[in-house]
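Just below is one structure, and these are the notes that go with it.
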Amino acid sequence: MTAACIAAGGSPDPAIRARSVWVRPTGSPPALRHEHVMNEQMIRPDHIRCIEHIWIPMPDGVRLAARIWMPAQIAPEGVPAILEYIPYRKADMVRARDERNHPFLAQNGYVSLRVDMRGSGDSDGVMPDMYTQAELDDARHVIDWIAAQDWCNGRVGMFGTSWGGTASLQASIDAPGPLKAIIAVCATHDRYEDDIHHKGGCLITDTFEWGATLPSILALPPTPASGRDWYDRWMKRLESLSFPVENWVREEARGKYWRHGSIKHQADRISCPVLSVGGWSDRYSNSVMSLVDARPDCVWGIVGPWGHHYPDHGHPGPAIGFQQVALDWWDHWLKADAADAPWPRLRVWLREFDTPRDALDRRNGAWVQTGPAAQETGRRVFWLGAEQVLTQEQSQQAPDWAVPFDLRHGEAAGDTGYFGRHGGLPLAQNEDDERALCFDTSPLAEDLLLYGSVEVELQVSAEAERSQICLRLNDVSPQGVSSRVGLSVLNLALDDDLDAPDVPPQDGPRTVRIRLPTAAYRFRAGHRVRLAIASSYWSIVWTPPERGQVRIRGGHLILPVLPEEPRALSEPFPPPRDLPETKSFHMLASPVLTRSKEIGQNGDLITKWHQPPMSMCFNDIETTFSHETRAEHSIDADDPTSASSMFSHQMSVDRPDGRASVSSQVRASSTADAYVIEGHIDVSWAGETIFERHWSRVVDRRFS
């Protein structure tokens with residue numbers, strides 16, 4: 001929603017109801033009890049210099065805030081520089097994570113920078129949405145500014161995780177001259193399919209969590225280190241605070257909005273070496289193999305077993321020494337003049353069966369190395385056969401199966417593992433298998449090595465145009481335990497490219513093709529491969545608008561398989577290190593996330609999770625950063641329009657001059673024809689509410 005739509009005084013659009021309360025304390029902000037001089041150079045015990053805050057000017061007059069770590073001594077010609085560019089508050093929010101990476105790089109001869117994006121942290125400006133053109137342009141200006149500094153020799157690298165990794169990928173398209181290489185960790189190359197908003201043309205409930213979280217991050221104040229006018233700049237930012245969740249819900253098809261910033265559609269324009277790093281427990285991992293296949297000349301990939309984390313804190317493990325891996329990469333591309341790199345194109349954790357549980361400390365499997373997946377694999381085709389078996393011979397009969405419509409399908413899904421949450425892995429799939437149409441192979445006579453993206457082709461007929469198909473690829477142990485290997489969903493109202501409404505044939509079933517995310521997985525001999533087909537996947541995916549029978553008239557799945565045992569990793573990854581060696585921070589509270597399920601008074605199924613308050617104290621700046629999140633999903637299993645989701649996010653910063661806190665909440669529900677989204681945010685300073693906004697929006701459901 002634009003700032004104009006939610007400003008005090010309402011809007012001409014009757015679908016929007018907004019109320020803003022703005023309270024400015026009398027006089028100036030509270031006097032500083034203790035003022036830090038944060039912009040002077042400091043010599044640290046690890047023999048590097050740290051500049052807490054400097055400004056980087058943009059052509060339009062906006063200033064971006066940066067924190068810089070430098071080697072204690074820099075040669076007259078300068079040294080290479082490395083950039084991390086994100087909106088996650090360099091001063092406090094991810095300060096402990098920054099201390100793991102940037103000082104290490106400075107100790108090894110690099111200038112390393114952490115830059116707050118415009119509209120976030122200590123930077124000027126406004127952030128109306130993710131990946132705006134201004135954000136992409138700013139990255140290029142920052143790279144050019146870095147290269148022009150006396151301490152830089154003109155060679156720049158860029159890295160980051162999640163948003164920062166995606167920003168690095170975006171900068172690699174027609175890269176600025178100084179940008180010589182990037183590392184993209186847990187990044188997406190496809191904002192529509194492999195992010196937190198949509199999957200297969202279906203809305204993902206995580207979009208509402210992020211809809212509550214992002215405004216709370218942006219609503220926190222700049223720090224006094226960025227200047228004595230920090231309070232006035234904070235007020236201006238709050239006046240322009242936006243809630244882009246409306247955009248994410250409205251843009252149901254792929255279209256221009258989602259293609260912007262998705263390098264999948266312009267991979268031929270990647271113009272610098274890319275190290276793409278992911279984890280199988282994170283949906284963003286689909287980018288790694290896909291990018292290596294698309295550009296085997298300039299992309300290398302690593303996929304571990306972990307979720308949405310930097311790999312040195314990877315969970316489930318085993319974690320790896322990311323900083324040393326990164327240093328090897330930077331030394332090669334920023335300090336040497338080699339034309340190629342010595343590493344295998346793909347280094348991946350080849351998973352195998354784990355007894356399903358909410359959290360695993362270590363996955364079963366082993367590290368292997370290969371070339372691009374598309375060049376390494378053959379095909380194994382299994383047909384949907386009589387008696388619901390997967391067979392390698394196509395049946396001559398005319399099959400016809402009804403797909404169950406059960407809104408409790410998805411209870412064993414876990415959650416998506418975004419934002420580094422603990423646990424949430426898929427549970428045993430047996431109960432969901434009972435709510436689905438399942439096809440099994442016979443027990444395998446030998447190991448089957450899945451490597452790449454499974455493709456499923458089905459002949460489908462649907463009573464309701466806006467129906468869903470959910471596919472799960474499972475590994476069934478000899479003991480009958482079903483474990484999820486892959487997941488995909490498809491909105492039947494869209495075409496195969498998810499760009500536009502589908503035009504179904506007048507007579508007979510429609511052929512649909514569905515790709516599952518890439519995987520590297522060993523099905524052991526004696527296990528069975530199971531394909532489970534269902535009509536919804538609550539509470540990961542928003543429910544279809546109405547009941548409608550979906551029938552399968554035949555189909556097959558194509559498994560990309562390695563024809564022989566892959567090579568074990570020739571050089572093991574270095575083990576993770578506990579960095580920094582001397583810590584200027586400590587954890588005050590780190591309670592375990594809890595999950596629960598209950599039946600409400602009216603019979604609704606209610607699922608919840610709660611991350612209790614987590615607090616980190618930064619001794620060097622006398623600041624404590626805290627956050628807490630609650631989620632609740634509810635549904636009447638007989639009514640797809642009864643679905644509702646609520647996410648509540650709180651953040652606070654306690655620092656010498658006072659305490660800032662933000663509480664943000666988003667609630668979502670739907671009818672057959674519209675999504676109803678309501679939000680609230682409350683911002684306080686020194687215990688006094690200074691800004692409050694209520695807003696609501698009704699968004700048409702055209703396709704989903």
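Mind checking whether some residue in the range 582-604 is touching a Leu at 6+ places or on another chain (Cβ under 8 Å), surrounded by 15 or more Cβ atoms within 10 Å (Cβ to Cβ) and of a type outside the set (Ser, Thr, Tyr)?
No, the conditions are met nowhere in the range 582-604.
When you go through 415, 400 one by one, which is the residue that is under 27 Å from residue 547 (Cβ atoms), under 24 Å from the mean Cα position of the chain (by Cα) and not assigned by TED's automatic domain parsing to the domain that holds residue 180?
Just one listed residue meets the conditions, 415.
Wholly within the range 408-479, which strands (runs of 3 or more DSSP E) include no fewer than the required count, namely at least 2 residues that are out of contact with any Phe, Trp or Tyr (no Cβ under 8 Å at 6 or more places or on another chain), under 25 Å from residue 703 (Cβ atoms) and of a type in the set (Val, Ile, Thr)?
Once the strands (runs of 3 or more DSSP E) in the range 408-479 are filtered for at least 2 residues that are out of contact with any Phe, Trp or Tyr (no Cβ under 8 Å at 6 or more places or on another chain), under 25 Å from residue 703 (Cβ atoms) and of a type in the set (Val, Ile, Thr), what remains is 455-462.
Just for the range 633-656: of the residues that are of a type in the set (Gly, Ala, Ser) and at pLDDT 95 or above, which one is farthest from the chain's Cα centre (by Cα)?
Taking the range 633-656 first, the residues of a type in the set (Gly, Ala, Ser) are 634, 637, 642-645, 648, 652.
Then keep just the ones that are at pLDDT 95 or above; that gives 634, 642-645, 648, 652.
Numbers: 634: 24, 642: 27, 643: 24, 644: 22, 645: 19, 648: 19, 652: 23 Å.
So the residue we want is 642.
From the residues in the range 131-166 that are of a type in the set (Val, Ile, Thr) and touching a residue at least 24 places away in the same chain (Cβ under 8 Å), which one is surrounded by the most Cβ atoms within 10 Å (Cβ to Cβ)?
Only one residue fits best here, namely 156.
Looking at (1) under 24 Å from residue 313 (Cα atoms); (2) without any contact (Cβ under 8 Å) to a residue 24 or more places away in the chain, which is the only condition residue 54 fails?
With respect to (1) under 24 Å from residue 313 (Cα atoms); (2) without any contact (Cβ under 8 Å) to a residue 24 or more places away in the chain, residue 54 is out only on (1).
Output the number of the condition that residue 75 fails; it satisfies all remaining conditions of (1) out of contact with any Asp or Glu (no Cβ under 8 Å at 6 or more places or on another chain); (2) in a loop (DSSP other than H, G, I, E, B); (3) surrounded by 16 or more Cβ atoms within 10 Å (Cβ to Cβ).
Among (1) out of contact with any Asp or Glu (no Cβ under 8 Å at 6 or more places or on another chain); (2) in a loop (DSSP other than H, G, I, E, B); (3) surrounded by 16 or more Cβ atoms within 10 Å (Cβ to Cβ), residue 75 violates only (3).
Residue 607 - would you say it is within 25 Å of the chain's Cα centre (by Cα), of a type in the set (Ser, Thr, Tyr), assigned to a strand (DSSP E or B) and crowded, with 17+ Cβ neighbours inside 10 Å?
Taking the combined requirement at face value, the residue satisfies it.
Across the range 231-251, which residue is surrounded by the most Cβ atoms within 10 Å (Cβ to Cβ) among those that are without any contact (Cβ under 8 Å) to a residue 60 or more places away in the chain and in contact with a helix residue (DSSP H, G or I) (Cβ under 8 Å, 6 or more places away or on another chain)?
Among residues in the range 231-251 that are without any contact (Cβ under 8 Å) to a residue 60 or more places away in the chain and in contact with a helix residue (DSSP H, G or I) (Cβ under 8 Å, 6 or more places away or on another chain), the one surrounded by the most Cβ atoms within 10 Å (Cβ to Cβ) is 248.
Where residues in the range 282-321 are at pLDDT 95 or above, closer than 25 Å to residue 483 by Cβ and among the hydroxyl-bearing types (Ser, Thr, Tyr), which of them is farthest from the chain's Cα centre (by Cα)?
290
Answer yes or no as to whether residue 348 is in contact (Cβ under 8 Å) with a residue 60 or more places away in the chain, under 26 Å from the mean Cα position of the chain (by Cα) and outside the structural domain of residue 439 (by TED's automatic domain parsing). Step through it out loud before you land on a result.
Working: in contact (Cβ under 8 Å) with a residue 60 or more places away in the chain: yes; under 26 Å from the mean Cα position of the chain (by Cα): yes; outside the structural domain of residue 439 (by TED's automatic domain parsing): yes.
The answer is yes for residue 348.
Would you mind stating whether residue 603 is at positive phi and modelled with pLDDT under 95?
On the way: at positive phi: yes; modelled with pLDDT under 95: yes.
Yes.
Kindly evaluate residue 519 against the criterion of being of a type in the set (Gly, Ala, Ser) and touching a Leu at 6+ places or on another chain (Cβ under 6 Å).
Working: of a type in the set (Gly, Ala, Ser): yes; touching a Leu at 6+ places or on another chain (Cβ under 6 Å): yes.
When the stated conditions are applied, residue 519 passes them.
This table checks each residue for (1) among the small types (Gly, Ala, Ser); (2) more than 14 Å from residue 349 (Cα to Cα); (3) in contact with a strand residue (DSSP E or B) (Cβ under 7 Å, 6 or more places away or on another chain); (4) buried (at least 24 other Cβ atoms within 10 Å of the Cβ).
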position	(1), (2), (3), (4)
272	no, yes, yes, no
279	yes, no, yes, yes
290	yes, yes, no, yes
295	no, yes, yes, no
304	yes, no, yes, yes
318	no, no, yes, no
321	yes, yes, no, no
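Can you pull out every residue in the range 76-129 that is among the aliphatic types (A, V, I, L, M) and more than 21 Å from the chain's Cα centre (by Cα)?
Matches in the range 76-129: 79, 81, 82, 91, 105, 106, 111, 113, 126.
Look at residue 402 and say whether it is aliphatic (A, V, I, L, M), touching a strand residue (DSSP E or B) at 6+ places or on another chain (Cβ under 7 Å), under 24 Å from residue 489 (Cα atoms) and modelled with pLDDT of 95 or more.
Yes; evaluated as a whole, the condition is true for this residue.
The values are calculated or read from the model by the stated rules, or taken from the named source; none is laboratory data. A quick note: this is a predicted structure, and the numbers were derived from the prediction, not measured. Note that we place each Cβ from the backbone using ideal geometry, even for glycine, and neighbour counts take in every protein chain shown.
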